[in-house]
Every structure is written in C-alpha cells, then in structure tokens.
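S.K.: Pasting a structure below so you can have a look.
The values are calculated or read from the model by the stated rules, or taken from the named source; none is laboratory data. Bear in mind the structure is a predicted one, so any value in this text is a computation, not a measurement. Cβ atoms come from the backbone with ideal geometry, glycine included; neighbour counts cover every protein chain shown. The area values use the complete protein model at the heavy-atom level, side chains included, leaving out ligands, DNA and RNA. Shrake-Rupley method; radii C 1.70, N 1.55, O 1.52, S 1.80 Å.
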Amino acid sequence: MMALGTLLRKPPLPPGSCRSFWGWLNAVFNKVDHERIQAVGPDRAASEWLLRCGALVRFQGSPKWQQDYNGLPTGPLGRYKIEAINATDACIMYRGFDYLDGLEHVTDIKLEKCMYIQDECLQRLSETSTLQRSLQQLKIISCGNVTDKGILALHKLKNLEYLYLSDLPGIREKETTFRVLQQALPNLQLELDLE
C-alpha cells in the first residue's frame with residue numbers, strides 16, 4: 001500500500017516552472033495578429049488583446065468599463081472606439097504594443113501592478129503617433145520595472161495634461177527626471193506619490 005502511494009505522488013515541480021508557464025502563456029496573449037487588425041480594425045483588435053490580458057477598456061460615449069471578452073459589442077466595423085484603458089494587474093507586455101498603433105481616441109491610460117511594463121513599453125507608448133495626439137491622462141502605479149529612462153521617454157506625449165506616478169522604486173533621480181519632463185511638457189500636471 002505504501003508503494004502505491006509513493007508511485008501516485010506527483011514529483012515536485014522544478015523551481016520557477018509555474019512562473020515559466022505563465023510567462024509563456026502571457027507572451028502568447030501578447031502576440032500581435034496583424035491580419036486580425038486588418039480584418040476588424042485597430043480598436044476591436046486592441047480591445048481583444050487588452051481583455052485577453054486582463055485589462056479593461058471603455059469605449060467613447062459609454063460610462064461602462066468592458067471587462068468580458070465575450071461581451072465585446074458588435075456592430076459595423078470601426079463603430080466602437082477605445083477612449084480609456086485600465087490595465088490594473090494586466091499581463092500586457094512590449095510585444096503587444098503594436099495593437100496601440102491605430103488607436104486615435106484614447107485619452108486615458110492606467111498602468112497599475114503590471115509586472116511586464118518596463119522602460120521600453122513607455123518608450124513605445126510615447127512613440128505611438130496617434131497617442132501623441134490623443135493621450136491626456138496617464139497613471140503609472142506599482143510597476144517595478146519602470147525607471148527614470150521610461151519616465152523621461154514620456155516627453156513625446158505632447159498633449160499629456162496629467163501624469164500620476166506612485167510606488168515606482170526604479171526611479172532613482174527623481175528631481176532631475178521630473179524637472180526635465182516638466183520642461184519638455186510645461187502644461188503637464190504632475191502628481192507624485194513616491195518615496
């Protein structure tokens with residue numbers, strides 16, 4: 001009887017194997033499907049990507065946050081335009097940021113507790129020409145891989161009116177970084193909750 005119990009017992013998983021699986025799965029969720037973008041338009045394709053990764057989207061003219069992938073509204077191609085993105089605890093990562101390219105109406109983005117958000121993501125965000133024109137509010141909270149370099153990259157978001165930064169231990173040169181950012185964006189209201 002003892003031998004059977006020993007045989008049925010699962011061997012311990014190697015350290016980090018669970019994390020590797022989730023990292024792999026998250027990478028799959030972030031793979032960009034350019035054919036899908038062409039077929040359904042940038043807003044629908046980006047909505048699908050964001051919801052697949054655990055983020056929420058809000059469409060223009062709607063007070064409701066969309067969180068159910070299967071409940072995405074249907075209708076004529078291009079009818080629903082993303083106005084806001086709430087990526088709290090979302091697994092969005094750099095490789096998926098191509099989905100942002102065609103979004104012309106996004107005014108508000110919140111990145112909170114996004115373990116894959118890093119400086120390159122913020123640089124990619126700030127280089128997206130449509131977001132340079134539309135984005136007005138950005139919140140970056142508890143994203144441990146963001147450093148001064150990523151925050152400085154935001155200077156290209158010329159219409160950014162409000163930036164909230166909280167719990168970002170990677171920011172080391174606070175005074176210099178924020179002074180440079182304020183010089184580049186003189187109309188920016190910068191709110192900080194950093195130690």
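S.K.: Tell me, which residue of segment 103-126 that is open to solvent by 30 Å² or more (accessible area, probe 1.4 Å) and within 28 Å of R79 (Cβ to Cβ) is nearest to the chain's Cα centre (by Cα)? Let's see the steps before the verdict.
M.R.: Within segment 103-126, the first condition is being open to solvent by 30 Å² or more (accessible area, probe 1.4 Å), and the residues that meet it are 104-105, 107-108, 110, 112-113, 115-116, 118, 120, 123-124.
With the extra rule that they be within 28 Å of R79 (Cβ to Cβ), the set shrinks to 104-105, 107-108, 110, 124.
Details: E104: 16, H105: 16, T107: 14, D108: 12, K110: 8, R124: 11 Å.
The extreme case among them is K110.
S.K.: May I ask you to verify whether Y164 is over 10 Å from the mean Cα position of the chain (by Cα) and surrounded by 20 or more Cβ atoms within 10 Å (Cβ to Cβ)? Don't jump to the end; show me each part of the working.
M.R.: Numbers: over 10 Å from the mean Cα position of the chain (by Cα): yes; surrounded by 20 or more Cβ atoms within 10 Å (Cβ to Cβ): no.
The answer is no for Y164.
S.K.: Follow-up. Looking at segment 70-80, can you tell me whether even one residue there is touching a residue at least 12 places away in the same chain (Cβ under 8 Å) and buried (at least 18 other Cβ atoms within 10 Å of the Cβ)? Let's see the steps before the verdict.
M.R.: If we filter segment 70-80 for residues that are touching a residue at least 12 places away in the same chain (Cβ under 8 Å), which is where we start, we get 72-73, 77-78, 80.
Now drop any that are not buried (at least 18 other Cβ atoms within 10 Å of the Cβ), which leaves 80.
Yes - at least one qualifying residue is present in segment 70-80.
S.K.: Where residues in segment 67-106 are polar (S, T, N, Q) and farther than 14 Å from A45 by Cα, which of them is modelled with the lowest pLDDT? Steps first, answer last, please.
M.R.: Within segment 67-106, the subset polar (S, T, N, Q) is 67, 70, 74, 86, 88.
Subsequent filtering for residues that are farther than 14 Å from A45 by Cα retains 67, 86, 88.
Working: Q67: 94, N86: 98, T88: 98.
Once the filter is applied, the top-ranked residue is Q67.
S.K.: While we're here: Within the bounds of segment 140-148, is there any residue that is under 26 Å from F59 (Cβ atoms), touching a helix residue (DSSP H, G or I) at 6+ places or on another chain (Cβ under 6 Å), open to solvent by less than 50 Å² (accessible area, probe 1.4 Å) and not basic (K, R)? Write out each step before concluding.
M.R.: Filtering segment 140-148 for residues under 26 Å from F59 (Cβ atoms) gives 140-141, 143.
If we keep only those that are touching a helix residue (DSSP H, G or I) at 6+ places or on another chain (Cβ under 6 Å) too, we end up with none.
Scanning segment 140-148, I find no residue that is under 26 Å from F59 (Cβ atoms), touching a helix residue (DSSP H, G or I) at 6+ places or on another chain (Cβ under 6 Å), open to solvent by less than 50 Å² (accessible area, probe 1.4 Å) and not basic (K, R), so the answer is no.
S.K.: Sticking with this one: Within the set of pairs 6 or more residues apart or between chains, which connect a residue that is of a type in the set (A, V, I, L, M) inside segment 29-43 to a residue that is open to solvent by 30 Å² or more (accessible area, probe 1.4 Å) and modelled with pLDDT of 95 or more with Cβ atoms less than 6 Å apart?
M.R.: So the pair list comes out as V32/D98.
S.K.: Tell me the strands (runs of 3 or more DSSP E) entirely within segment 137-195 that contain at least 3 residues that are in contact with an Asp or Glu (Cβ under 8 Å, 6 or more places away or on another chain). I'd like the intermediate steps shown before the answer.
M.R.: Numbers: elements: 137-141, 162-166, 189-193.
Filter on segment 137-195 gives 137-141, 162-166.
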